[in-house]
Amino acid sequence: MRILTLAAALAAAGPLPAPVLPAPGMYCPSGEDYRPIFVGPGPRDISIDGMECHDVRTVQGKLRATCFTNSLTDTGGTYPLDVEVLPTGELSRYGTLFRRVPRPGMCPAG
């Protein structure tokens with residue numbers, strides 16, 4: 001009986017919200033310890049740490065993807081990006097804030 005009550009409550013609540021993915025563009029770090037993060041051009045693509053990543057998804061509040069390095073022997077694998085999409089649309093990684101810049105190019109200093 002409890003299962004039916006729980007199922008009815010979940011059905012009444014509606015579908016779960018879609019995972020939040022970052023908007024396409026270039027995200028610059030607030031410090032100089034990291035390189036920029038590029039989101040796009042595909043809707044679920046991201047470039048981070050010199051890797052090309054596809055099929056970006058949200059798992060437990062952080063981004064995960066299948067990533068490839070520039071190595072000829074790399075067949076790709078699921079990589080925890082440790083990137084969180086904040087409600088403001090900014091990205092957070094290891095305590096560093098990444099802000100989207102309106103025009104890709106060079107990141108401003110600091």
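Each label point was placed 7 Å from the Cα along the Cα-to-Cβ direction; for Lys62 and Arg35 their separation is 2.1 nm. Each Lys or Arg adds one and each Asp or Glu subtracts one; over the other residues with Cβ under 13 Å from the Cβ of Met106, this totals +1. Largest accessible area first, the listed residues Phe68, Phe38 line up as Phe38, Phe68 when surface is computed with a 1.4 Å probe on the assembled protein chains.
The values are calculated or read from the model by the stated rules, or taken from the named source; none is laboratory data. Keep in mind that this is a model prediction, so the values were computed, not measured. A quick note on method: Cβ atoms are made from the backbone with ideal geometry, for glycine too, and the neighbour counts reach across all protein chains shown. Please note that ligands, DNA and RNA were not included when accessible areas were found on the heavy atoms of the full protein model with its side chains. Shrake-Rupley method; radii C 1.70, N 1.55, O 1.52, S 1.80 Å.
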